[in-house]
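A.B. asks: Attaching a single structure in structure tokens format; questions to follow.
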Amino acid sequence: MRKIPRRAGPSQYQDNHDSQEIPDSKLPPGYEDKLALLRPYIEKNDDLIARPFYLDSEMKLQACAFYFNGIADDKRLNEHVLKPLMSHSGGWDPGDFPAADRVDLIVRTSISVGQLRKSDSFAVMVHSIFDGMLVLIFETIQEAVIIDIHGGVARAVEEPPSEKAIRGPREGFIENLDINLSMIRRHLRTPRLVINKTTVGRRTRTPVAVIYIDDIADAGLVEQVNRRLDRIDIDGVISAGNIIQYIEDKPYSLFPQVWTSERPDKTIAELLEGRIAVIVDGTPTAIFLPALFVEFFQASEDYLERTFLGSYLRFARFIAFFIAVSLPALYIGAISFTPELVPLDLVVSIAQARKEVPFPVLIETLLQEFIIQMVIEAGLRLPGPVGQTAGVVSGIVLGQAAISAKLASPAVIIIISITTICTFILPSGPLVQATRILRLPLIFLTAGFGLFGFSLGWLIMLTHLSSLESLGLPYFAPFAPMRYSDLKDSVFRIFLWKMDKRPLSIPSQQKQRQGNSGQEGNRDER
Amino acid sequence: MNANDTITSKQLVFIIVGAQIAVGVFSLPHLVAIEARQDAWLAVLLGAALPFAVLLIIERLGRRMPEAGFVGMNHLLFGRWLGSVIVFLFAAYVVLFQGIVVRLFSELTSIFLLPCTPLPITIFLVLVGVVYVINKGARVVARVNEILFWIIFALLLLLLLPLVNADYTNLLPAGEAGLACITRGALVSSFSYAGVEILLVFYFLVGRKEEVIKAGILGLSFTTVVYLVVTLVCILVWGHELLQIINWPALSMLKTVKLAVLERPEFFLLAVWVGVGGVPP
Amino acid sequence: MNKKLHLAIILGMFLILIAGCWDSRDLEELSFPLAAAYDLHRPGSSDPTDPPATAGEKRLDLTTAVPNLTPDAPTPVNIETLSGVTIGDVRRRRGLTDADTYVTGMNLIIVLGEELARQGVNPYMDVLWRSSTVSGTMYMAVAAGRGENVIKTPIKTYNNIGSYLKALFNGINRRTFIPVTNISQFRIQQSAGRNPVVPVLERKGNRVVITGAALFKKDRMIGRVGTEEALNLVLLRGLKGKSYLPFAAQVDGTLHRGTVLVNNSRKVEYSRNDQGHRFVVTIEIQGTLQEHSHQYPVDEAHLQEIEKTIEKEITAQCERFIDMMQNELKLDCIDISKYALTKERKNLFPYIDNPDFIKNADIRVKVKVHLKNTGEMR
């Protein structure tokens, strides 16, 4: 079985695409020695600030602070680091203490910042500088002090535009990892919530957080996620999208194999079901593993609506997916292979409209499909309101013009419009993108072999779905293999108080998820 | 086969059903009615005895050497040389049998859906589907069969529609054909139950062996009920005289009804049957 | 290896797709009849393909009504009559006059000329039964006179005759008592112990009217009954229907007329004794009183009187019908012989369709009427 793509090399850097390999040596105690070591890395960067100063006003100990302008928070730098250090008035002389204790003394008496660590590794020091930390070095002290006073500007927390919810929280992730993590912590207060941070990307050195709930998530899965992240050996992580492509099971598939969301509330719900979340710094998106096919049909407000409405909408989405994938193909199949299937009056009117169109049905359909896809793309690229207007105008005008220019029959316009609308009903972006492509092979198969080709296409699609795996777990899970208890939250969403078990499709350490199972709501006992 | 290519006993039910029910169901009432006339349904019921016996034998055999695997079992039973010959013969039989199924299915498709497309092309298309499924291994075959099972189930409900034209007098008098005729019919029908022998291979892939017998009985019973219902409906609708003339009575039967939404149930049925007919173990 | 296999399959699919879509036909290039009529060839009829003179052999006229797909066409339907030795022969000739591909799958109704129907129609129906695309639910009718006259009727209310006739037959059992059949029922009803009946259509000016039912012995039409007898036929055959039924009764010297809205069902009991085969046909009629000529207090007693009147009237009519059927037609057109088969199929099988069987059978009719009063009159 080929479960894990082998493209990602082993974790030890072997090939030499990173020419700036930093020697992992111990720092020397001397001040000038350290500066000399650092010089090749810092001399070309004009935005790096190296601020020398003396500890205490009496020039007892020479020190230097390294930080990047605009990344370090100037206010905290001055108030809590430089000022106390420089005006140090502890009344003790560093020279009185052994070298090993000096750094602790300084840190404990004179630096009033919380996030702080020390390191005697040269590589760590250099990386910390470039990660945007404030790094202090001292004369006679071997260790460098690394202080996190990240500042600068972050986007405000807003509602994610791609995942709007009518009900429920309006918070969305932003580009800053720490703020994202704090949003999760703030609403998920269990002590068993675990957040592990690693770094991915040799040059971008992007922080990536692996989040799971210790006593729910399956340990094997957590290990697998960590292993896959470790294996990634790339130059740079531009966005979470890059990471996804390296950790999914079958990159050849058209179907998205990891779930993404921009909403903290969704993230918490996923974590509670035993999934593992991965958040990449710089992208307002959380990645969830393992993903199941059904999840792409579950919108977060399904669980907030009344059960019957939620179920109805869920069911409608499955129908919409079927229509979005198959309707153009079915149209071609019915019109040019088995017109007997279509109600007679419709056949006559479609045939009369088709009489004036010069193209075969296939070409006609593909043409319209292409035009619509281009309109959508154009609408995405154009700025906000202009994009919407362009979409509507081109939709209406082009459609009308195509009909009156006899380039397309009205039936095709309707078919393609319905298909497009059904595509965008789907609540998750990756599935929408997949659907846009999925219908093409089906169109070709049906154009070649009618309904037979159509069924063959679906058979292959279902087989493919059944064979897909996410983190080694069956992707099409509640359907094949059939997990009857998970069907409660698939095509329909039944009452929340009936879903007393966590999904079977995702292995978890704790199966039971609620105590009031089987009770209708939480009524008072009579 | 991979070591972790195991299936659950539930999936075994679907695999057995999937292996047995193929295109044969469309012509089964016709073939049996030639022998057993209006008692064809009795013959179909009687015909189920043979596969049940086969099931029991295989289970007994498997229980003796639960971890042997199909090839290993033959080696143990017949010795290395003869065992290999028998394995080869069995493989040849499966290939031949499935070949016939694919061919029949392609011809049916050719007649009903794609009359102008050359038969080799249709066969190629069916094979593409089959090869794609098999290529993914036993587990995926099991999963696909699981989905297809529910599709079969829905389609069978479709086959109940012609009952609006049913005439109960077609069934009477029951048992008149005589034991000889019914037995001959049962023999004919037992060919339609072929497919249960794949248990020889799948027995060793099932995780929990003690559930095999239950799963086998469940699967076989489902097939029996399906065949019985289809045959009954066919007799009720066509009467045994026409049944002896019409090649695919179960399919043609759908022509006699019209649904409000679906103008031609038989095309729909046959198109969806692609998976059912094609996918095999 | 695996990837190469995938690649090979995908390439193969593409090659096949490029090579051609053998079965793809564009909808606008089809010529699909919505109504068709079969007639015996009449020497005078105009066939533009100049058929060869075949002396002695029976030729056939096939008339089709095909919707005209060209926009702004002067006529919504193209009606054409062509002749040939078989249906297939006609279809071959069609290729000479029709630019579009002829597709029969959407035909709604087939009308048989009376002359042809009396000679036996199975040779001509076979092409429909055999076809994989023709629906078994295609309606079937016999034309009084020639079928082509019915097809050529310029209907005002519908834009083609096929849709009109389909609409006429659709749900007719909720409007009136007339037997309706489709081609698959026609075939099924030819099995042993059964005989089909088919509605009769007649052209009256610019309209098409149902004027009765044609009685078939297997595939040969041997009799025709009018609409009044068709009512008895429906009741006796046990075809489900629902419609108005008028009645007349003498009450205290005045003639009461009225109507009931009823639906019917039938039960047949079969027994065999030394004298022969005995059938008891029980017709149950249930319904409501709809109309009464006198504003007479319709109480329970009067309702029962009306029931009695209707029972008597229908029993008499049905007995007359059975008498006609046994002695004139010698044909079981009320679908009861099959009940004899349920007792001993093997023995009776050779004789069941002999004229003697039905002629010598003892057929009794019982009619039971259950009425309910409706309306505010009391």
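The values are calculated or read from the model by the stated rules, or taken from the named source; none is laboratory data. The structure displayed is predicted, hence computed values, not measured ones. Reconstructed Cβ throughout: ideal geometry from the backbone, glycine too, with neighbour counts over all protein chains shown.
A.B. asks: Being touching a Phe, Trp or Tyr at 6+ places or on another chain (Cβ under 7 Å) and in a helix (DSSP H, G or I) narrows it down to one residue among B:F97, B:F149, B:F153; which is it? Show your work before the answer.
C.D. replies: On the way: B:F97 fails: touching a Phe, Trp or Tyr at 6+ places or on another chain (Cβ under 7 Å); B:F153 fails: touching a Phe, Trp or Tyr at 6+ places or on another chain (Cβ under 7 Å).
Exactly one residue qualifies, and that residue is B:F149.
A.B. asks: If you check C:I155 against the conditions, is it surrounded by 23 or more Cβ atoms within 10 Å (Cβ to Cβ), assigned to a loop (DSSP other than H, G, I, E, B) and more than 14 Å from chain B (Cβ to nearest Cβ)?
C.D. replies: Values: surrounded by 23 or more Cβ atoms within 10 Å (Cβ to Cβ): no; assigned to a loop (DSSP other than H, G, I, E, B): yes; more than 14 Å from chain B (Cβ to nearest Cβ): yes.
In short, no.
A.B. asks: Between B:V85, B:V95, B:V128, which is free of Cβ contacts under 8 Å to residues at least 12 places away in the same chain and at the interface with chain C (Cβ under 10 Å from one of its Cβ atoms)? Talk me through it step by step, then tell me what you get.
C.D. replies: Working: B:V85 fails: at the interface with chain C (Cβ under 10 Å from one of its Cβ atoms); B:V95 fails: at the interface with chain C (Cβ under 10 Å from one of its Cβ atoms).
Testing whether each residue is free of Cβ contacts under 8 Å to residues at least 12 places away in the same chain and at the interface with chain C (Cβ under 10 Å from one of its Cβ atoms) leaves just B:V128.
A.B. asks: Something else now. Does the stretch A:108-120 contain at least one residue that is more than 28 Å from A:I22 (Cα to Cα) and touching a Phe, Trp or Tyr at 6+ places or on another chain (Cβ under 7 Å)?
C.D. replies: Among the residues of the stretch A:108-120, not one is more than 28 Å from A:I22 (Cα to Cα) and touching a Phe, Trp or Tyr at 6+ places or on another chain (Cβ under 7 Å), which makes the answer no.
A.B. asks: Out of B:L148, B:L172, B:L157, report the one residue that is under 19 Å from B:K258 (Cβ atoms), modelled with pLDDT of 80 or more and of a type in the set (A, V, I, L, M).
C.D. replies: Values: B:L148 fails: under 19 Å from B:K258 (Cβ atoms); B:L172 fails: under 19 Å from B:K258 (Cβ atoms).
Residue meeting the stated conditions: B:L157.
A.B. asks: Pull up the stretch B:156-180, narrow it to residues that are in a helix (DSSP H, G or I) and surrounded by fewer than 17 Cβ atoms within 10 Å (Cβ to Cβ), then point me to the one that is farthest from the other protein chains (Cβ to nearest Cβ). Please lay out each step first, then the result.
C.D. replies: Kept after step one, since they are in a helix (DSSP H, G or I), are these residues of the stretch B:156-180: B:156-159, B:161-165, B:168-171, B:179-180.
Retained after the next criterion (residues that are surrounded by fewer than 17 Cβ atoms within 10 Å (Cβ to Cβ)): B:157, B:163-164, B:168, B:179-180.
Working: B:L157: 18, B:L163: 14, B:V164: 11, B:Y168: 8, B:L179: 14, B:A180: 13 Å.
Ranking the candidates gives B:L157 first.
A.B. asks: Being of a type in the set (F, W, Y), closer than 30 Å to A:V325 by Cα and assigned to a strand (DSSP E or B), is that true of even one residue in the stretch A:200-221? Even if it seems obvious, please write down each step before you answer.
C.D. replies: Taking the stretch A:200-221 as the starting set, the residues that turn out to be of a type in the set (F, W, Y) are A:212.
Right, trim to closer than 30 Å to A:V325 by Cα and you get none.
The answer is no; no qualifying residue exists.
A.B. asks: Step by step: first the residues of the stretch C:196-219, then only those that are of a type in the set (K, R) and closer than 30 Å to C:P355 by Cα, then the one that is surrounded by the most Cβ atoms within 10 Å (Cβ to Cβ). Which residue is that? First the steps, then the outcome.
C.D. replies: Narrowing the stretch C:196-219 to residues of a type in the set (K, R): C:203-204, C:207, C:217-218.
So of that shortlist, the ones also closer than 30 Å to C:P355 by Cα come out as C:217-218.
Details: C:K217: 19, C:K218: 17.
Once the filter is applied, the top-ranked residue is C:K217.
A.B. asks: Within the stretch A:200-252, how many residues are closer than 17 Å to A:G472 by Cβ and among the small types (G, A, S)?
C.D. replies: 3
A.B. asks: So which residues in the stretch A:408-430 are within 29 Å of the chain's Cα centre (by Cα) and either over 11 Å from A:A324 (Cα atoms) or of a type in the set (K, R) (or both)? Walk me through how you get there before you give the answer.
C.D. replies: Here is the first cut: in the stretch A:408-430, the residues within 29 Å of the chain's Cα centre (by Cα) are A:419-430.
The answer is A:P427, A:S428, A:G429, A:P430.
A.B. asks: Next question. How many residues, within the stretch C:67-95, are within 14 Å of chain A (Cβ to nearest Cβ) and either under 28 Å from the mean Cα position of the chain (by Cα) or touching a residue at least 40 places away in the same chain (Cβ under 8 Å) (or both)?
C.D. replies: 6
A.B. asks: Of the residues B:L254, B:L228, which single one is part of a helix (DSSP H, G or I), touching a Phe, Trp or Tyr at 6+ places or on another chain (Cβ under 7 Å) and in contact (Cβ under 8 Å) with a residue 40 or more places away in the chain?
C.D. replies: On the way: B:L254 fails: touching a Phe, Trp or Tyr at 6+ places or on another chain (Cβ under 7 Å).
Only one candidate qualifies: B:L228.
A.B. asks: Here is a further query. Within the stretch A:430-441, can you find the residues that are away from chain B (no Cβ under 14 Å) and either in contact with a Cys (Cβ under 9 Å, 6 or more places away or on another chain) or within 22 Å of A:S336 (Cα to Cα) (or both)?
C.D. replies: Filtering the stretch A:430-441 down to residues away from chain B (no Cβ under 14 Å) leaves A:430-440.
Correct list: A:T435, A:L438, A:R439, A:L440.
A.B. asks: Of all residues in the stretch A:51-87, which are surrounded by fewer than 18 Cβ atoms within 10 Å (Cβ to Cβ) and either modelled with pLDDT under 80 or within 19 Å of A:S121 (Cα to Cα) (or both)?
C.D. replies: A:S57, A:E58, A:M59, A:K60, A:S87
A.B. asks: While we're here: Count, please, the residues in the stretch C:332-352 that happen to be surrounded by fewer than 21 Cβ atoms within 10 Å (Cβ to Cβ) and farther than 19 Å from C:N273 by Cβ.
C.D. replies: Qualifying residue count for the region: 3.
A.B. asks: Enumerate the pairs (first residue in the stretch C:201-225 and in contact (Cβ under 8 Å) with a residue 12 or more places away in the chain and outside any strand (DSSP E or B); second residue anywhere and crowded, with 17+ Cβ neighbours inside 10 Å and not aliphatic (A, V, I, L, M)) with beta-carbon separation below 7 Å, excluding pairs fewer than 6 apart on the same chain, so at least 6 apart or on different chains.
C.D. replies: Going by the 7 Å Cβ cut-off, the qualifying pairs are C:N206/C:T153; C:K218/C:Q190; C:K218/C:N195; C:D219/C:Q190.
A.B. asks: Determine, yes or no, whether C:V134 is β-branched (V, I, T) and either in contact with a Gly (Cβ under 7 Å, 6 or more places away or on another chain) or over 22 Å from C:L215 (Cβ atoms) (or both).
C.D. replies: Details: β-branched (V, I, T): yes; either in contact with a Gly (Cβ under 7 Å, 6 or more places away or on another chain) or over 22 Å from C:L215 (Cβ atoms) (or both): yes.
Criteria met by C:V134.
A.B. asks: Report those helices (runs of 4 or more DSSP H) wholly inside the stretch C:283-378 carrying at least 2 residues which are within 26 Å of the chain's Cα centre (by Cα) and not assigned by TED's automatic domain parsing to the domain that holds C:V197.
C.D. replies: Numbers: elements: C:300-324, C:337-341, C:345-348, C:355-360.
Per the criteria, C:300-324, C:337-341, C:355-360.
A.B. asks: State yes or no: is B:T183 within 23 Å of the chain's Cα centre (by Cα), assigned to a helix (DSSP H, G or I) and buried (at least 22 other Cβ atoms within 10 Å of the Cβ)?
C.D. replies: Working: within 23 Å of the chain's Cα centre (by Cα): yes; assigned to a helix (DSSP H, G or I): yes; buried (at least 22 other Cβ atoms within 10 Å of the Cβ): no.
Judged against the criteria, B:T183 is not a match.
A.B. asks: Something else now. Cβ contacts < 7 Å: first residue more than 7 Å from chain B (Cβ to nearest Cβ) and more than 22 Å from A:D249 (Cα to Cα), restricted to the stretch A:442-471; second residue part of a helix (DSSP H, G or I) and modelled with pLDDT under 85, any location; separation 6+ or different chain. Result?
C.D. replies: As it stands, the answer is A:F444/C:L17; A:G448/C:I16; A:G448/C:L17, since those pairs meet every condition given.
A.B. asks: Give, as residue ranges, the strands (runs of 3 or more DSSP E) completely inside the stretch C:29-140 that count at least 3 residues that are under 23 Å from C:T157 (Cα atoms), modelled with pLDDT under 90 and in the same structural domain as C:L165 (by TED's automatic domain parsing).
C.D. replies: On the way: elements: C:35-40, C:60-67, C:77-84, C:109-113.
Passing ranges, in order: C:77-84.
A.B. asks: Also, I was wondering about something else. So A:V491 passes all but one of these: (1) within 14 Å of chain B (Cβ to nearest Cβ); (2) at pLDDT 85 or above. Which condition number does it fail?
C.D. replies: Condition not satisfied by A:V491: (2).
A.B. asks: Hey, among the residues in the stretch A:360-387 that are free of Cβ contacts under 8 Å to residues at least 40 places away in the same chain and within 14 Å of another protein chain (Cβ to nearest Cβ), which one's surrounded by the fewest Cβ atoms within 10 Å (Cβ to Cβ)?
C.D. replies: A:I363
A.B. asks: Related question: Quick check on the stretch C:346-367. Is at least one of its residues of a type in the set (V, I, T), closer than 28 Å to C:Q189 by Cα and at pLDDT 90 or above?
C.D. replies: First, the residues of the stretch C:346-367 that are of a type in the set (V, I, T): C:352, C:358, C:363, C:365, C:367.
Add one more test, that the residue is closer than 28 Å to C:Q189 by Cα, and what stays is C:352, C:358, C:363, C:365, C:367.
Going one step further and asking which of them are at pLDDT 90 or above, we end up with C:365, C:367.
So far as the stretch C:346-367 goes, yes, one or more of its residues are of a type in the set (V, I, T), closer than 28 Å to C:Q189 by Cα and at pLDDT 90 or above.
A.B. asks: Hey, another quick one. Within the stretch A:105-181, considering only strands (runs of 3 or more DSSP E) that don't extend past its boundaries, which have at least 2 residues that are surrounded by 19 or more Cβ atoms within 10 Å (Cβ to Cβ)?
C.D. replies: Working: elements: A:116-119, A:134-138, A:144-147.
Those strands (runs of 3 or more DSSP E) span A:134-138, A:144-147.
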